[in-house]
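Okay, so here's the structure we're looking at.
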Amino acid sequence: MPWKCFCCIISEEEQPKTSLNKNRDYPWESYTLKELLHATNNFHQDNKIGEGGFGSVYWGRTSKGVEIAVKRLKAMSAKAEMEFAVEVEVLGRVRHKNLLGLRGFYVGGEERLIVYDFMPNHSLITHLHGHLAADCLLDWSRRMNIIIGAAEGLAYLHHEENPHIIHRDIKASNVLLDNEFEAKVADFGFAKLVPEGVTHLTTRVKGTLGYLAPEYAMWGKVSESCDVYSFGILVLEIISAKKPIEKLAGGVKRDIVQWVTPYVQKGIFNHIADPKLKGKFDRQQLESMVMLAMKCTDSSPENRPSMVEVVEWLKGITGPGRRTKEMSEKVIEDEEFTDTDYEEFGIRQSNLRMAGDRLKIR
Ligand SMILES: Nc1ncnc2c1ncn2[C@@H]1O[C@H](COP(=O)(O)OP(=O)(O)O)[C@@H](O)[C@H]1O
Ligand SMILES: [Mg+2]
């Protein structure tokens, strides 16, 4: 799809409206405010399905009966307007099975609205830590599939689009699930477009604590490998259902890599799996996933794999030759090992990675 800047998008919106832009080179629709107000019952509180930094997201149904999600800008400000522009611009140019589909947008007066395909199975955060966590709808093979899907979506952004796209806010609430529990990476408001040949940029830090690569958090150095780092955190979160940062008694904060490292060092991977899986996971895959996540969260960006390498690695773990065995594995209580043992290792993210070093994907 050829490059179109946001100004072109806006000005073309003024052109006569076709129901679907079939004769154009991009497949979105320009909606009228009336249509979207009708679809969402005037942005009724009961239709609200999500809330983020940008604004609220509402469920709606169009007059043709299609379910949609509409993101509504909270308040007009230069910052919000920029996020809106970036999201429409980026989403308008990408098409991939693992990226949330843009259906259209509306710009007028004080209103800025983005219309997406509706994702009936919410975001990952709902299943890992939210109101659906207890239902445990994410069995092991669904989790593996979500990890692969998110990796493929990211690999597409990093390597198949030109300019390359760095997402900058990969996290559980930004990975949505369709009716088949396929991952759809969403929320492109912080995305950065990187021209070919540029290895990294220095920018103001955006994103979410717990997922930020150290070089980005400290020096604002942004490159594709910042997304790789966040992806690594997300992998650990998906398999363990632990939050990226946990507050321990006494107010001490512990990140998920610090939590997982002692288990890796002792080789007791079973303890890392989400207890809600009740031992139903493929031990080999679990181990490989953890090792991959360790590599992705290496403190040095040059030691992290690219997303293409991650996808290859994941296919090797779960591919056709490697059937997912959802056997019921008894968690081996072979060693006395408590959650607080990490303290005794005095672990910092910078000195841990013996695990990552053992993993040779390059
Ligand atoms: N297409 C969609 N289908 C279903 N829920 C959605 C959709 N888009 C967003 N949401 C919900 O709204 C939340 C916020 O959306 P997001 O795009 O991340 O906005 P923000 O930029 O405000 O963070 C998501 O975490 C999700 O729960
Ligand atoms: Mg979000």
(request) Working carefully through the options 211, 216, find the one that is in contact with a Gly (Cβ under 8 Å, 6 or more places away or on another chain) and aromatic (Phe, Trp, Tyr). (result) 216
(request) Give the residue that is modelled with the lowest pLDDT, with candidates limited to residues of the range 172-189 that are in a loop (DSSP other than H, G, I, E, B) and within 11 Å of ligand 2 (Cβ to nearest atom). (result) 189
(request) Report yes if some residue within the range 190-199 is at pLDDT below 90, polar (S, T, N, Q), within 17 Å of residue 221 (Cα to Cα) and not in a helix (DSSP H, G or I); otherwise report no. (result) yes
(request) Would you mention how many residues in the range 65-84 are modelled with pLDDT of 90 or more and either more than 11 Å from ligand 1 (Cβ to nearest atom) or not charged (D, E, K, R) (or both)? (result) 7
(request) Of the conditions (1) in contact with a Lys or Arg (Cβ under 7 Å, 6 or more places away or on another chain); (2) more than 16 Å from ligand 2 (Cβ to nearest atom); (3) closer than 25 Å to residue 94 by Cα, residue 43 clears all except one; give me its number. (result) (3)
(message) Which condition from (1) under 22 Å from residue 178 (Cβ atoms); (2) assigned to a helix (DSSP H, G or I); (3) in contact (Cβ under 8 Å) with a residue 24 or more places away in the chain is the one that residue 126 breaks?
(response) (3)
(request) Would you check which residues across the range 46-92 are away from ligand 2 (no atom under 15 Å from the Cβ), closer than 24 Å to residue 181 by Cα and crowded, with 16+ Cβ neighbours inside 10 Å and list them? (result) 47, 59, 60, 62, 68, 92
(message) Can you report the number of residues in the range 100-116 which are in contact (Cβ under 8 Å) with a residue 60 or more places away in the chain and either more than 8 Å from ligand 1 (Cβ to nearest atom) or in contact with a Gly (Cβ under 6 Å, 6 or more places away or on another chain) (or both)?
(response) 11
(request) Select from the range 198-222 the residues that are of a type outside the set (A, V, I, L, M, F, W, C) and out of contact with any strand residue (DSSP E or B) (no Cβ under 7 Å at 6 or more places or on another chain) and write down the one among them that is farthest from residue 293 (Cα to Cα). (result) 204
(message) Take residue 169 and tell me if it is within 15 Å of ligand 2 (Cβ to nearest atom) and assigned by TED's automatic domain parsing to the domain that holds residue 226.
(response) yes
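Yes/no matrix, rows are residues, columns are (1) part of a loop (DSSP other than H, G, I, E, B); (2) in contact with a strand residue (DSSP E or B) (Cβ under 6 Å, 6 or more places away or on another chain); (3) touching a residue at least 60 places away in the same chain (Cβ under 8 Å):
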site: 230; (1), (2), (3): no, no, yes
site: 235; (1), (2), (3): no, no, yes
site: 239; (1), (2), (3): no, no, yes
site: 243; (1), (2), (3): yes, no, yes
site: 250; (1), (2), (3): no, no, no
site: 258; (1), (2), (3): no, no, yes
site: 263; (1), (2), (3): no, no, yes
(message) Condition first: within 11 Å of ligand 1 (Cβ to nearest atom) and either outside the structural domain of residue 50 (by TED's automatic domain parsing) or in contact with a Gly (Cβ under 8 Å, 6 or more places away or on another chain) (or both). Can you find one or more residues in the range 129-152 that meet it?
(response) yes
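The values are calculated or read from the model by the stated rules, or taken from the named source; none is laboratory data. None of these values were measured; they are calculated from a predicted model. Because the Cβ atoms are built from the backbone with ideal geometry, glycine has one as well, and the counts that use them run over all protein chains shown.
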